[in-house]
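Throughout, read-outs are computed from the coordinates displayed, never taken from laboratory work. A quick note: this is a predicted structure, and the numbers were derived from the prediction, not measured. Please note: Cβ atoms are built from the backbone with ideal geometry, for glycine as well, and neighbour counts cover all protein chains shown.
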Amino acid sequence: DAGVIQSPRHEVTEMGQEVTLRCKPISGHNSLFWYRQTMMRGLELLIYFNNNVPIDDSGMPEDRFSAKMPNASFSTLKIQPSEPRDSAVYFCASSLVPRNTEAFFGQGTRLTVV
Amino acid sequence: AQTVTQSQPEMSVQEAETVTLSCTYDTSESDYYLFWYKQPPSRQMILVIRQEAYKQQNATENRFSVNFQKAAKSFSLKISDSQLGDAAMYFCAYRGRYNTDKLIFGTGTRLQVFP
């Protein structure tokens with residue numbers, strides 16, 4: 001299996017622009033997480049899907065952030081408009097519950113907003 | 001709400017020696033899962049070891065083992081015979097037993113390994 005695939009690996013954008021991060025979970029997995037990692041705040045859970053349904057989005061910082069999972073093999077995290085404080089590494093992870101409770105992570109997308 | 005605390009921002013160890021990383025958590029649940037993840041400079045998150053709360057036996061994976069103290073809500077990671085490749089950020093994580101339970105992480109411990 002190719003593992004969790006995220007794209008792009010790096011993104012540099014100007015403040016105010018829309019940014020879309022993409023994730024393809026491991027085939028057959030039914031849970032998907034989006035995390036944000038910064039030096040100051042560590043790994044923050046933004047949103048969690050189970051069977052394509054958002055279960056907990058309490059970590060989404062504000063209305064500028066939105067996430068979708070239209071099917072079991074694809075998810076997006078959108079930021080509009082982007083701000084410099086959104087600069088971070090964004091991780092997508094998937095798991096198969098209840099068989100495997102651990103999450104398998106993608107390589108992450110490093111986002112820089114200038 | 002569940003929380004995970006790692007009180008050691010940085011640790012260091014000499015190659016071939018043993019080091020223990022600490023983790024405590026808070027939960028009202030009786031059944032859950034605990035994990036240690038490693039994040040090397042490549043930033044890839046790698047699962048090191050997992051522990052089911054209902055199992056009294058401590059999990060072991062080669063040079064990595066845990067000391068799980070359920071009553072104390074403590075979950076430490078011991079790395080034996082440390083190697084230069086063990087240098088990384090280590091994150092402790094918690095997940096409840098239900099499908100809808102999220103996976104939450106501590107703030108991490110940076111481990112340095114000296115030759």
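In terms of the mean number of neighbouring beta-carbon atoms within 10 Å, the peptides B:3-10, A:90-97 order highest first as A:90-97, B:3-10. Using C-alpha pairs below 8 Å separated by at least 6 residues, the relative contact order for chain B is 36 percent. Each part reduced to its alpha carbon centroid, the stretch A:71-103 and the stretch B:70-115 end up 21 Å apart.
Given +1 at the Cβ of Lys and Arg, -1 at the Cβ of Asp and Glu and no other charges, the dipole of the stretch B:27-101 around its Cα centre is 60 debye to the nearest 20. Within a straight-line Cα-Cα reach of under 19 Å, residue A:78 can be paired with the following lysines, leaving aside sequence neighbours fewer than 8 residues apart in one chain: A:24, A:68.
When DSSP beta bridges are limited to those with both residues in chain A, what percentage is antiparallel, rounded to the nearest 5?
On the way: 36 of 40 bridges.
About 90 percent, rounded to the nearest 5.
Peptide B:24-36 is shielded by partner chain Cβ atoms: per residue, an average of 1 of them sit within 10 Å of its Cβ. Once divided by 2.2 N^0.38 Å, the Cα radius of gyration of the stretch B:1-73 becomes 1.19. Using +1 at the Cβ of each Lys and Arg and -1 at the Cβ of each Asp and Glu in chain A, identify which of A:27, A:6, A:37 lies farthest towards the dipole's positive end. Result: A:27.
In percent, how large is the relative contact order of the stretch A:1-59, given Cα pairs closer than 8 Å and 6 or more residues apart? The value is 24 percent.
Peptide A:50-56 shows a mean partner chain C-beta count of 2 within 10 Å per residue C-beta. The magnitude of the dipole of the protein assembly as shown, with charges of +1 and -1 set on the Cβ of Lys/Arg and Asp/Glu and taken from the Cα centre, is near 280 debye. The label-point distance for residue B:42 and residue A:39, in a model that sets each label 7 Å from Cα toward Cβ, rounds to 2.4 nm. At an R0 of 25 angstrom, the distance between the Cβ atoms of residue B:60 and residue B:14 translates into a FRET efficiency of 0.65. For the protein assembly as shown, the ratio of Cα radius of gyration to the globular rule of thumb 2.2 N^0.38 Å stands at 1.02.
Of the DSSP beta bridges with both residues in chain B, give the percent that are antiparallel, rounding to the nearest 5.
In chain B, DSSP labels about 90 percent of beta bridges as antiparallel.
At a threshold of 8 angstrom on Cα-Cα distance, excluding pairs fewer than six apart, so keeping six or more, what relative contact order does chain A reach in percent? Once normalised by length, the contact order is 37 percent. For chain A, set up a GNM with springs between Cα atoms under 10 Å and report which of A:39, A:69, A:15 has the largest fluctuation. Comparing A:39, A:69, A:15 in the GNM, the peak value goes to A:39. About its Cα centre, the dipole of the stretch A:15-72 is roughly 240 debye, where the only charges are +1 on Lys and Arg Cβ and -1 on Asp and Glu Cβ. Comparing B:22, B:30, B:74 in a Gaussian network model of chain B (Cα springs below 10 Å), the most mobile by mean-square fluctuation is B:30.
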